[in-house]
1. Residues that are surrounded by fewer than 11 Cβ atoms within 10 Å (Cβ to Cβ) and without any contact (Cβ under 8 Å) to a residue 12 or more places away in the chain: find the strands (runs of 3 or more DSSP E) completely inside segment 5-72 holding 1 or more of those.
2. Restricting the search to segment 1-57, which residues are in contact with a Ser or Thr (Cβ under 6 Å, 6 or more places away or on another chain) and among the aliphatic types (A, V, I, L, M)?
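Read-outs: derived from the displayed coordinates by stated rules, not from any lab. Predicted model, so just to flag it, every value in this text is computed and none were measured. Note that we place each Cβ from the backbone using ideal geometry, even for glycine, and neighbour counts take in every protein chain shown.
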Amino acid sequence: MENVNFMQSFNSELNINNENVNSEGLLINYDGENMDISGYQNNDNFYAQLSNKDIMNLLAITANPMSLDKRLKKDFSVKHKTRRHHKKHKKQKNTKKRYRTPTPYPKKK
């Protein structure tokens, strides 16, 4: 493999009212065989070294088949107000006719 050298770094500080709230940084150095990663967050320092095989294993991890939208809804379920559909009841027609009892009238002479 050709002589490959890649170096990347970043630093970030968050100041509120001239007071340092958060400070972090990262330095990555890749020489074609190993990747050296060192960094800090506030007062905590860390270091890691990854071989080409380690990098390939990280890249080989499959993505989650469930979409981000569905995963968020699953993790943070939100209850929605839904309308309930009620079955419409048909009015029954009265099939039985009621007859009024005839009123007795006085007989005509």
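1. Output list reads 6-16, 19-30, 44-51.
2. Correct list: 27 only.
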